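Take a look at the following structure, please.
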Amino acid sequence: MAAPSRSISLYRNLLKELKHVYKDKTESPAQIFVKDQFRNFQVTTEKVCRGRNEVYHTGETYLCLLQNLRKYEELHAQYHSQERSVESSANLVGLKLPKTYNPDSNPSNK
Amino acid sequence: MAAPMFFTVRSVLTVSLRYHTQSNVYGYHYNQKKCMSTYRELKKFYKNASIVTSEGWYEINLDKRKLRTPGGNLFRVPNEALALAIATEWNSQDKVIKRHNMHLTSLCNTALDNPFHKTRDVLTDSIIHFLETDTMCYRLTEPEDLVQFQSQNWDPVINWAKDRYKIDITPTYTIAPPDVPQHTKDTIRRHLLSYSDWALFGYQFAVDSVKSLLIIMALVDKFISVDTAVHLSRLEQEYQVKKWGNVEWYHDIDEYELKTRLASAILFIHWSSENVSIKQKASLAIQNIC
């Protein structure tokens, strides 16, 4: 097993990410499964012919999936949710639009 | 009957777009966006996704209805952890179902339906094909610091692969493809064929995402983590970002998406091959008793 402190933080982070999905107070099967897995492999992860870091690696990969999916969706919602106007696209790269031509304010029209 | 037909056509289109346009990042995003705006959104039509077991497989229930694949097959997976992760994918949807982000579900759909009728040989061939143009084997000769950055990061993984699988592969510094001897291809083919069909679909998706077979082999063997794998596949981009600055809505989104894809593929490979080994042992035990 990886160092205990590493697996504790993995455990906490996994449950934290699952909490984003399952907001209810009652535990979902997925959360119970994660808890059971950690309890199962508390003493050693080399049960049932498993490699030394196998369980830890899987947990880490799943955490990576959950975290990055959440971050991706946050950014996606921020930038790609609707089509930007010309003005806000220009602002994005630090530019301003020139003043648009308005016939009423033109003195020669009067 | 009109509704399932529509979903079938739609998902096949999405899959084919993914297959044909992934090599070109701009094209991929463009097509994906076009896809999303052209097709009607799918509203969330269930409250809760749960799993049930049946005949040694795990199925997904959306409220009381069974989930089916776009091809109309019953959606079932061989492993409990995989089923739970898929149920979590469905449960994490809010109002609109974003199927382009449900990589585990799409991988299972591909494995169950096999929309392009791929055989094991075709799959392994297409995976090995990436070895000839492996990202890690194309090196630059200038600028000096990028050359160093590449060899610092890539050499350990290449050396690991040489040592672990007893293969020969030499990086190239020109436009000519790297030299891959026949015995290397044979060794890797034998190794790949030891995986189940499901795992091979995952392998192909993973290799296709990072454009490198060696990185994926190191990742599946737990030599590196997903974060490192994605870092290795984006070395040049990271070098440019360091030099010219990071653009959140392009570079970060790209990185997060790649990590999501890769993590899904690796979990899929792991969970779908884990069950196979347990099953084989169980069936052997039964034979002995008989």
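Out of region B:144-249, which trypsin sites (Lys or Arg not before Pro) are coil in DSSP terms and have no more than 13 other C-beta atoms within 10 Å?
Those that pass, being in a loop and sparsely packed, are B:LYS166.
For region B:32-113, calculate the relative contact order in percent as a whole number, restricting contacts to Cα pairs under 8 Å that are 6 or more residues apart.
30 percent
Here's another thing I want to ask about it. Determine, from the Cβ-Cβ distance of B:GLU132 and A:SER89 and an R0 of 45 Å, the FRET efficiency 1/(1 + (r/R0)^6), rounded to the nearest 0.05.
0.65
Once B and A are treated as a pair rather than alone, how much accessible area drops out, both sides summed, in Å² to 100, probe 1.4 Å?
2800 Å²
In the neighborhood of B:PRO171, defined by Cβ-to-Cβ distances under 11 Å, what is the net charge if each Lys or Arg adds +1 and each Asp or Glu adds -1?
It works out to a net charge of -2.
Further question: Taking one equal scatterer on every alpha-carbon of region A:4-79, how large is log10 of I(q)/I(0) by Debye at q = 0.22 1/Å?
-1.04
Something else: Tell me the relative contact order for region A:4-79 as a rounded percent, counting alpha carbon contacts under 8 Å between residues six or more apart.
Relative contact order of region A:4-79: 39 percent.
Can you give me the accessible area per residue for region B:201-241, using a 1.4 Å probe, in Å²?
Roughly 25 Å² per residue, with all protein chains present.
In Å and on Cα atoms, what radius of gyration and Dmax does region B:120-242 show?
Computed over the Cα atoms of region B:120-242, radius of gyration and Dmax are 14.2, 43 Å.
The values are calculated or read from the model by the stated rules, or taken from the named source; none is laboratory data. These numbers come from a predicted model, not from an experiment. Every residue, glycine among them, receives a Cβ derived from its backbone with ideal geometry; neighbour counts consider all protein chains shown. Areas reflect the complete protein model, heavy atoms only, side chains present, ligands, DNA and RNA absent. Shrake-Rupley method; radii C 1.70, N 1.55, O 1.52, S 1.80 Å.
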